[in-house]
Amino acid sequence: MYVSIVTMPVANLRNLWCGSHGKNFTFIAKRYATTHSTRGYRIWTSRQARWSTKSSQKPSLEPVEGLFGSTSADSGTVPLSRLWKPFVFTIAFSGASLAGAAIWQYENLRQRAINSMRLPLNWAQERSIMPKKGKWRQELNKWWSNLSEGERLFFPLCFVNCLVFLAWRVPSFQNFMVRYFCSNPASRALCWPMVLSTFSHYSAFHLFANMYVLHSFSTGAVASLGKEQFLGLYLSAGVISSMASYVYKALTSQPGLSLGASGAIMAVLGYVCTQYPDTRLSIIFLPVLSFTAGSAIKVIMALDATGVLLGWKFFDHAAHLGGALCGIAWCYWGNAYIWQKREPLLHWWHELRSSAPTK
């Protein structure tokens with residue numbers, strides 16, 4: 001799920017707290033389970049830098065001690081007026097993600113129709129093709145063909161998250177990772193980190209927990225939405241949850257770093273639990289204790305709402321709420337009023353690709 005690093009000014013404290021903080025609420029729903037992890041990393045700095053009104057209001061750099069040496073993190077109070085650019089980016093990126101997902105679905109359906117028309121020829125060709133050389137390739141192809149649509153989408157996402165996690169382990173990458181793979185409203189880089197941070201994890205435990213949740217719910221969500229719509233929602237929710245975190249940090253004057261996939265995954269949980277509220281869930285270590293998916297998402301959101309109202313610093317509750325509300329809103333309105341209204345876009349794309357010269 002979505003992980004965050006929040007920068008808080010504390011006297012004489014400059015250590016990077018890099019553990020995964022928080023309890024995991026792990027549920028099993030029929031064929032899948034979920035672990036509710038959270039944005040749980042915080043970077044604490046010794047002092048809070050003020051915005052310089054005479055130098056274009058640029059944030060200052062605060063040194064932060066990390067696992068692999070000293071890194072720099074932008075710090076300072078964040079006025080709401082500075083969030084207009086991330087707000088526009090959130091709308092643009094979400095729209096582009098959903099539009100790209102719709103075009104991807106169009107291309108998949110078109111290719112499927114073409115293949116069905118060529119079925120006899122393909123069947124004859126496949127009969128004449130020799131099996132792939134190498135036992136490991138045969139086993140890999142067999143494993144991949146047996147995966148569900150949700151799992152085929154999950155493994156590439158997991159692979160990207162693992163690559164970013166390994167990048168955190170390279171000491172020379174630390175400053176780059178902090179700047180571009182952690183969303184921070186006080187940073188000079190405001191927009192793209194809102195996306196890149198959703199693939200970023202600093203702790204192995206947090207990576208495992210988030211990927212476990214994503215794997216657990218991806219099959220059910222993709223079966224309901226389709227892989228294209230699921231990916232569009234996942235990417236959009238990641239940016240929207242980052243924007244929610246930005247707003248909360250600006251309102252409470254607590255800028256800081258955020259990373260992880262929990263905002264996007266909370267959208268998946270919100271959608272699945274709203275779409276199938278009567279599904280029975282249970283805690284993974286207490287299978288005898290079961291409850292409905294509708295009750296589970298209500299409890300999780302109530303905890304996050306309490307954290308926002310009381311100013312709890314253990315997790316980035318604002319990002320969780322932003323992601324969950326995005327998934328719930330998509331279940332009630334997004335599919336009907338956005339996804340089902342994509343015909344003009346697809347018509348434009350069809351005309352565009354039809355008018356393109358063929359080779």
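Miscellaneous remarks
- Residue match in the stretch 126-139 (condition: at pLDDT 95 or above, of a type in the set (S, T, N, Q) and surrounded by 12 or more Cβ atoms within 10 Å (Cβ to Cβ)): no
- Some residue of the stretch 92-111 being out of contact with any Pro (no Cβ under 6 Å at 6 or more places or on another chain), at pLDDT 60 or above and among the β-branched types (Val, Ile, Thr): yes
- Listed by first and then second residue, the pairs linking a residue in the stretch 75-97 that is more than 14 Å from Gly322 (Cβ to Cβ) to a residue that is surrounded by 18 or more Cβ atoms within 10 Å (Cβ to Cβ) and of a type in the set (D, E, K, R), with Cβ atoms under 6 Å apart and 6 or more places separating them unless they lie on different chains, are Ser75/Glu62.
- Any hit, the stretch 339-358, residues being out of contact with any Lys or Arg (no Cβ under 7 Å at 6 or more places or on another chain), closer than 23 Å to Ala261 by Cβ and either of a type outside the set (Phe, Trp, Tyr) or open to solvent by 90 Å² or more (accessible area, probe 1.4 Å) (or both): no
For every residue, the table says whether it meets (1) more than 18 Å from Ala250 (Cβ to Cβ); (2) touching a residue at least 40 places away in the same chain (Cβ under 8 Å); (3) among the hydroxyl-bearing types (Ser, Thr, Tyr).
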site: Ser282; (1), (2), (3): yes, yes, yes
site: Leu289; (1), (2), (3): yes, no, no
site: Gly294; (1), (2), (3): yes, no, no
site: Met301; (1), (2), (3): yes, no, no
site: Val308; (1), (2), (3): no, yes, no
site: Trp312; (1), (2), (3): no, no, no
site: Asp316; (1), (2), (3): no, yes, no
site: Leu321; (1), (2), (3): no, yes, no
site: Ala324; (1), (2), (3): yes, yes, no
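- Filter result for Tyr332 (open to solvent by 30 Å² or more (accessible area, probe 1.4 Å) and in contact (Cβ under 8 Å) with a residue 12 or more places away in the chain): yes
- Residues that are over 26 Å from Phe230 (Cα atoms) and open to solvent by 30 Å² or more (accessible area, probe 1.4 Å) within the stretch 167-215 comprise Arg169, Val170, Pro171, Ser172, Phe173, Asn175, Phe176, Arg179, Arg188, listed in sequence order.
- Boolean, Ser242 is out of contact with any Cys (no Cβ under 6 Å at 6 or more places or on another chain), surrounded by fewer than 20 Cβ atoms within 10 Å (Cβ to Cβ), polar (S, T, N, Q) and touching a residue at least 60 places away in the same chain (Cβ under 8 Å): no
- Among the residues of the stretch 263-316, those identified as assigned to a helix (DSSP H, G or I) and under 15 Å from the mean Cα position of the chain (by Cα) are Gly263, Ala264, Ile265, Met266, Ala267, Val268, Leu269, Gly270, Tyr271.
The values are calculated or read from the model by the stated rules, or taken from the named source; none is laboratory data. On a predicted model such as this, the values are computed, not experimentally measured, just so you know. As a convention, Cβ positions derive from the backbone with ideal geometry for all residues, glycine included, and neighbour counts pool all protein chains shown. Areas reflect the complete protein model, heavy atoms only, side chains present, ligands, DNA and RNA absent. Shrake-Rupley method; radii C 1.70, N 1.55, O 1.52, S 1.80 Å.
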